[in-house]
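The block underneath contains the structure these notes are about, expressed in structure tokens.
FYI, it's all coordinate maths here, none of it is from the lab. Computed from a prediction, not measured in an experiment: that's the story for all the values here. Reconstructed Cβ throughout: ideal geometry from the backbone, glycine too, with neighbour counts over all protein chains shown.
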Amino acid sequence: MTPPADTIAAIATPPGIGGIAVIRVSGPKSWEVARLLGSPSVHGGNMGGLETAPNTVKHAYIYNNNNELIDEVLISFFKSPHSYTGEDVIEISCHGGNVVSKRILKLILSQDVRMARPGEFTERAFLNGKLDLAQAEAVAGLIHARSEASARTALSQLSGKLSEHVREMRAKILDLLALLELELDFSEEDVSFQSLESRKTDLLELQQKIKHLISSFARGRIEREGLRVAIVGAPNAGKSTLLNRIVGDERAIVSPHPGTTRDVIEAHLELSGHEVIFQDTAGLRDTEHEIESIGIERTRKALSRADLILLLIDSQTGDLPGPEMLAEIANKTPLIVYNKSDLSRAEYAVPFATHSGVFHISALSGGGVEELLTELTRVFTEELETAGDLIITEQRHHDALRRANEALVRAQSLFSESTLMAADLRDAANALGEITGESIGEEVLDRIFSKFCIGK
């Protein structure tokens, strides 16, 4: 795809009140726009028509067409190809707020410059070879990171570690394909350029690497979206009190009457650099109350999406959810948490073959809650660390890797059918190429970059 030849502009900083705002301009006319904005012959500015140099910052005053001062600014100049987009770029730093930056942008757009689409600056960086597609997606991942862990993962991907690994696997597949196609070209001469045993070994090694990346997606999703912890139990077990204790705020209504919680209430915390989303759910019991039934159904959905479950049990009563709900909880290997330990230390039989531990707490006084959070952190960090350093966070990458793996599985069953095997190897190479953008359609690109913010 050919990079566009026009010039685009947008405000790169978030809207609202702030110390500064930045307007980004990229394209062949960007430096001309800067000179025009600051030219004394046109707008009474102070740049004096001086030639600017790459990687410099110039102080300027920007005036409108009526020679009225808009703002005092700093203009940074970047010369192609040494810029974010690979094009000539300027970045105008002006005072923040909602007025000044918009007035400057309006003036820029009057100079045969158009408004940038969402993600278009990063799209141009990709089209100009400054970033591959996985790195471009990592830019959005870093911007939207909600924890230290997700930021580290995005930075690793932005540095090119994932791309390098994927390109190595793709290059190996293309090498295998080249040898196979040579054999097809010399099929009448019965020439072999690679032994079947060597080919099988190479394919198995490739498949193992791809499977490892596929399995890392579970951790990648957690680092991207946060670890979901559902607090479940019978009515009046103290779920809302525990949520309020964990977040240090009265997020959930606490009442002695069963069925008070009718919806799933979420609270976001960062534990050991990871985002954790605690969910207070409706008490699980049989009920004919319509509104409470809706709340219980939402609890079921929260259960199905949860990465970890805290089963809260009132240590005075031992009340448990019904058998059907207990079966759903058992599939998630819950942490068993007895509440109201200040009143009772009793334990009760729970129908789970395995669980992640047993704790006694008092959600009301806070006793044992810190220890519970420490154990919860240990459980999920150990699980996340088993995935290794190289992980994927994008559903698109997961789908491409899955298709590449399926193609390699087919290829391994076709050693006697070289033509068909070559087609499957080509499919695997194309699937991996989609991750870095080496084989991607314009429609997919549009879909990816449309998720970015304007100005990036």
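With an 8 Å Cα cut-off and a minimum separation of 6 or more residues, compute the relative contact order for the chain in percent. With pairs under 8 Å counted, the relative contact order is 16 percent.
Full extension of the segment from residue 419 to residue 370, taken as 0.36 nm per residue of separation minus the current Cα-Cα distance, would add 11.4 nm. Modelled spin labels at residue 59 and residue 103, positioned 7 Å past Cα toward Cβ, are 2.1 nm from each other.
By the count of neighbouring beta-carbon atoms within 10 Å, fewest first, 272, 240 end up ordered 272, 240. Listed by Cβ neighbour count within 10 Å, with the fewest neighbours leading, 379, 337 appear as 379, 337.
Among the listed pairs 209/332; 29/58; 239/451; 211/451, those whose Cα-Cα separation exceeds 26 Å are 209/332; 239/451; 211/451.
Using the Cβ of residue 454 as centre and a radius below 9 Å, the other residues enclosed give a net charge of +1, where K and R count +1 and D and E count -1. As a rough guide to protection, the peptides 5-14, 133-142 ranked by mean Cβ packing within 10 Å, highest first, stand as 133-142, 5-14. Looking at [x] 32, 28, 23; [y] 49, 40, 16; [z] 39, 25, 20, which value of semi-axes √(5λ) of the Cα gyration tensor in Å comes from a calculation on the structure shown? So the structure-derived entry is [y].
Ordering of 431-438, 61-68 by packing is 431-438, 61-68, highest average first (other Cβ atoms within 10 Å, averaged per residue). Relative to the current alpha-carbon distance between residue 406 and residue 68, full extension at 0.36 nm per residue lengthens the span by 115.2 nm. Between residue 381 and residue 331, the simple spin-label model (points 7 angstrom out along Cα→Cβ) gives 3.1 nm. Taking every DSSP bridge with both residues inside the chain, close to 60 percent are antiparallel.
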